[in-house]
Structure formats: C-alpha cells, structure tokens
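Down below is the structure, laid out as structure tokens.
The values are calculated or read from the model by the stated rules, or taken from the named source; none is laboratory data. Here the structure is a predicted model, which is why all the values come from computation and not from measurement. So basically every Cβ, Gly included, is an ideal-geometry build from the backbone, and we count neighbours across all protein chains shown. When the accessible area is computed, the model is the full protein with side chains, heavy atoms only, and any ligands, DNA or RNA have been set aside. Shrake-Rupley method; radii C 1.70, N 1.55, O 1.52, S 1.80 Å.
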Amino acid sequence: MASKRAKLVVPFRVWGRQVDEEPVVVASTADIDAALQSACKLGTISVTDFDGNLRQDSTVFSEDTPLRVFSHQDLEQFLQDRGAENLEKWLKEPPAQSGRTPLQILLWLCSGIRVIPTTSGDPAFSALLASWPSWKKEHMFWAQLDLDIDQFLVRSTQLAGTCFMHAAAVVQHYLVVLHTGVPTHVRVDIPTFIQTNYRGEELNAYLRDQGGLALPFLERIAKQYLETESFDLNVREKSAPVLGNLIKEAFLSYGPGLVSAFWADPTFLKGASAVPGVFHTESVDTTSPDGAWHAMVLLGVREDPQLGLLFLLQNWWAGRDLIEVSLAYMARAKARVVFVATPLSQIPVAARVNAFHTVSACDQHATCDPRTY
C-alpha cells in the first residue's frame with residue numbers, strides 16, 4: 001500500500017521532559033505495536049489497547065511522521081509529579097464500567113493524541129446537518145449569526161469518561177463565538193488541561209474513568225463564577241411541557257444549553273431507537289446497571305405538530321454526533337439543561353487552548369462502544 005500523510009500526531013513534549021531516544025519512525029500499524037511494546041516496557045500493549053478508536057488498517061504512516069513513545073520511568077514520573085497513585089497500582093487496576101483500563105487512559109492522556117481534520121476524511125458540520133433536513137437555521141442557536149457554520153462548529157469524540165468536559169468546553173467555545181461574532185475552532189485542549197491542573201485524588205478519579213460534573217468544569221475553564229438558568233427535567237412527565245416552554249425561552253435568550261445528568265440507558269448507548277439518532281417515544285430504563293450519566297450540548301429547538309417540542313443535541317460518540325430527542329424523552333432521561341447568562345468573550349489563556357481536539361477517525365468504526373471513549 002502506498003504511503004500517505006498520517007492523520008495521527010503524537011506530540012512527545014507533554015510535561016516538560018523528553019526521552020533520550022531518537023524519534024521512532026513508523027510505516028504501519030504493526031510498527032506502532034512493536035514500538036509501544038518495546039519502549040513502554042509494560043508487557044503486551046497493542047495499538048488497539050493504546051487507542052482502539054483510531055486503529056484503521058488503511059492508515060499508513062509516512063516516513064516523515066515521527067512517533068515518540070513512553071518508557072515505564074516516564075509514566076511513573078508523570079504520576080509522581082502529580083501526587084497520583086504509582087504505576088504498579090494502575091497496572092493491576094481492573095477496567096472501569098466503560099471497559100477501558102487506567103493504563104489505557106494514562107497512555108492517551110500522556111500522548112495528547114490528536115487527529116487533525118482533513119477535507120477528505122472528516123465530514124464538515126454542514127454535511128452532518130444536511131442529513132437532518134427538518135432542522136433549519138432558525139431553529140439553531142446561531143440563527144442570528146451571519147457566519148459559515150463550518151468556521152466555528154466543532155466535532156469532538158471522547159476517549160474516556162470525559163463527556164462532562166467535552167460538553168463544557170464546547171458550550172464555552174460556542175458562547176464565545178455567539179457573543180463576539182468571531183468564527184474560530186479554538187477551544188480548551190482537554191488533555192493539556194488535565195495534565196496541567198489535575199493532581200492527587202482528582203487525577204486518580206480521572207484515571208478510574210469516574211466522570212464528573214459539567215457546570216463546575218465549565219466554571220473552572222471559564223475561570224469565573226457564571227450566572228445560569230437551570231431546568232431540571234427529573235419531574236413527572238406531565239409537568240414537562242411547562243418546563244419545556246421555559247427551556248425554549250431561555251434558549252432564545254442565551255444560546256446553546258449544557259445538557260447534563262442525562263441518563264443514557266442501554267438502548268440509548270447502543271443507539272437502538274426505531275429511527276437512527278432519534279429518540280421520541282422510547283422508554284428509558286433508569287434502573288439498569290449498564291446505563292450511565294451523560295452530558296451533551298443543546299444546539300437547536302423546534303416545535304413539531306404531533307410530537308411537540310424537539311431538541312437537537314450534539315454528542316461525542318463515533319458516528320453519532322447529532323441526536324434528536326423529544327421533550328418527553330428528555331424528561332424520562334431525567335436530564336438537566338443549564339443556560340449561561342454571563343456573557344463570555346474569550347477563553348482564558350490559562351486554560352490552554354488548542355484547535356486540534358477533534359478525534360473523528362473512529363467515525364469509520366461500526367464496532368465502537370460509546371462508553372469506551
């Protein structure tokens with residue numbers, strides 16, 4: 001197979017030090033396996049373990065694409081510098097509910113792995129919306145913006161239990177664009193933020209894939225207290241229409257909403273709805289041990305004559321960037337919708353911004369389990 005420019009970029013300078021070895025030049029995924037097994041000295045680590053979402057047999061690395069890898073000592077030092085549990089403990093730690101082990105999360109975190117969007121490989125956001133013809137510009141938070149949506153809408157794919165981080169970072173980004181009218185793709189770089197700010201038990205919890213709360217994380221990356229309007233749909237379903245009208249009014253006033261505390265049951269996790277990506281009348285099993293709390297972003301609101309209020313949500317799972325839900329379904333999922341009333345005009349420099357946090361190569365993988373990334 002002929003070489004082509006790699007999509008994956010694995011920056012090595014991630015916490016201020018560098019190994020003595022020269023960069024490892026790879027030409028195939030088999031070479032990545034060998035490089036990781038050799039340099040990490042942690043036993044058998046396949047590239048699937050390293051990041052199963054990004055493994056593609058068709059991906060070939062060109063000779064000018066260096067891949068730097070981590071030794072046992074490097075990973076141990078990373079943890080020690082941050083007051084986290086030692087590496088030997090993490091090697092023995094069982095997988096989290098997501099199926100991902102702390103070692104896999106640690107390797108992803110340290111590598112800061114990115115997929116740089118390409119015109120041929122990553123569908124533009126406008127192309128995604130084209131498959132949702134019922135959703136017009138007037139239904140979306142950018143209705144009053146005279147901008148090309150591909151200049152500011154962003155796609156992200158979570159690689160661990162970080163849905164609350166993605167939701168907060170994307171809401172922050174969209175609010176800055178909304179309030180400034182300046183299109184950009186720059187947003188908080190989540191791996192860098194974790195490397196820089198997480199210490200001790202907080203880092204331990206992250207490596208155990210324990211998730212977190214979206215609004216506190218948004219205030220953390222915004223570096224300020226935020227005035228908000230919050231609507232808790234964990235109510236009796238017949239009371240939901242009253243809240244639905246308030247949510248619509250807040251959406252028109254404040255823009256995109258932060259959807260959190262959304263119970264994703266097995267049907268939702270598997271995308272097993274009657275119409276792909278659409279959840280209107282489906283039940284929600286709030287007692288299933290295989291469900292999980294989830295966070296997304298509210299992009300649009302519209303009225304349907306038969307179904308009532310509908311929401312378009314942005315999600316972080318492979319091939320499922322957009323999900324349409326009814327108000328009734330949101331109530332059954334016990335969701336909370338938060339709107340930020342405080343105008344946001346910038347992303348603080350201290351939050352470490354980076355334009356390349358989209359990891360969408362896994363869109364090609366039909367077997368991706370959304371709970372594992």
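Filter region 216-230 down to the residues that are closer than 27 Å to residue 308 by Cβ, surrounded by 16 or more Cβ atoms within 10 Å (Cβ to Cβ) and under 23 Å from the mean Cα position of the chain (by Cα) and list them by number.
Here is the first cut: in region 216-230, the ones closer than 27 Å to residue 308 by Cβ are 228-230.
So of that shortlist, the ones also surrounded by 16 or more Cβ atoms within 10 Å (Cβ to Cβ) come out as 228-229.
228, the sole residue that qualifies.
Quick check on region 110-136: of everything there that is out of contact with any strand residue (DSSP E or B) (no Cβ under 9 Å at 6 or more places or on another chain) and at pLDDT 85 or above, which residue is nearest to residue 173 (Cα to Cα)?
126
Quick one: which of 295, 272, 261 is of a type in the set (Gly, Ala, Ser) and crowded, with 22+ Cβ neighbours inside 10 Å? Can you show your working first?
Numbers: 272 fails: crowded, with 22+ Cβ neighbours inside 10 Å; 261 fails: crowded, with 22+ Cβ neighbours inside 10 Å.
Only one candidate passes the filter, namely 295.
Would you please list the contacts, defined by Cβ atoms under 8 Å and residues six or more apart or on different chains, that run from a residue in region 162-179 that is open to solvent by 10 Å² or more (accessible area, probe 1.4 Å) to a residue that is at pLDDT below 90 and of a type in the set (Val, Ile, Thr)?
These pairs meet every condition: 176/184; 176/347.
Scan region 285-297 and report the pairs whose first residue is aromatic (Phe, Trp, Tyr) and whose second residue is open to solvent by 10 Å² or more (accessible area, probe 1.4 Å) and at pLDDT 90 or above, with Cβ atoms within less than 8 Å and a gap of 6+ or a chain change.
Hits for this filter: 293/260; 293/261; 293/263.
Any residue in region 355-371 that is modelled with pLDDT under 95, assigned to a strand (DSSP E or B), touching a strand residue (DSSP E or B) at 6+ places or on another chain (Cβ under 7 Å) and open to solvent by 10 Å² or more (accessible area, probe 1.4 Å)?
Keep residues of region 355-371 that are modelled with pLDDT under 95, which gives 355-371.
Filter once more, keeping what is assigned to a strand (DSSP E or B): none.
No.
Please go through (1) within 23 Å of residue 336 (Cβ to Cβ); (2) surrounded by fewer than 21 Cβ atoms within 10 Å (Cβ to Cβ); (3) modelled with pLDDT of 90 or more for residue 210 and return the number of the only condition it doesn't satisfy.
(3)
Of all strands (runs of 3 or more DSSP E) completely enclosed by region 249-321, which ones contain at least 1 residues that are more than 22 Å from the chain's Cα centre (by Cα)?
Values: elements: 257-264, 292-304, 308-317.
The strands (runs of 3 or more DSSP E) meeting that bar are 292-304, 308-317.
If you check every pair at least six apart or on different chains, which have Cβ atoms under 6 Å apart with a residue in region 329-347 that is at positive phi first and a residue that is in a strand (DSSP E or B) second?
What qualifies is 334/263.
When residue 288 is evaluated against the numbered criteria (1) under 22 Å from residue 230 (Cβ atoms); (2) modelled with pLDDT under 95, which criterion, by number, is the only one it fails?
(1)
Between 184, 180, which is touching a helix residue (DSSP H, G or I) at 6+ places or on another chain (Cβ under 7 Å), of a type outside the set (A, V, I, L, M) and farther than 30 Å from residue 103 by Cα?
Details: 180 fails: touching a helix residue (DSSP H, G or I) at 6+ places or on another chain (Cβ under 7 Å).
Residue meeting the stated conditions: 184.
Report, ordered by the first and then the second residue, all pairs with beta carbons closer than 6 Å, sequence separation of six or more or different chains, a first member in region 138-158 that is under 14 Å from residue 299 (Cα atoms), and a second member that is surrounded by fewer than 18 Cβ atoms within 10 Å (Cβ to Cβ) and aliphatic (A, V, I, L, M).
Pairs found: none.
In region 251-260, is there at least one residue being modelled with pLDDT of 95 or more, touching a Gly at 6+ places or on another chain (Cβ under 9 Å) and of a type in the set (Phe, Trp, Tyr)?
Checking region 251-260: at least one residue is modelled with pLDDT of 95 or more, touching a Gly at 6+ places or on another chain (Cβ under 9 Å) and of a type in the set (Phe, Trp, Tyr).
So how many residues does region 150-183 have that are more than 8 Å from the chain's Cα centre (by Cα), at pLDDT 85 or above and of a type in the set (Gly, Ala, Ser)?
Qualifying residue count for the region: 3.
Can you find a residue that is open to solvent by 20 Å² or more (accessible area, probe 1.4 Å) and at pLDDT 70 or above anywhere in region 55-73?
Yes, because at least one residue in region 55-73 is open to solvent by 20 Å² or more (accessible area, probe 1.4 Å) and at pLDDT 70 or above.
In the list 196, 228, which residue meets the criterion of being polar (S, T, N, Q), out of contact with any Pro (no Cβ under 6 Å at 6 or more places or on another chain) and closer than 20 Å to residue 297 by Cβ?
Values: 196 fails: closer than 20 Å to residue 297 by Cβ.
From the options 196, 228, the qualifying one is 228.
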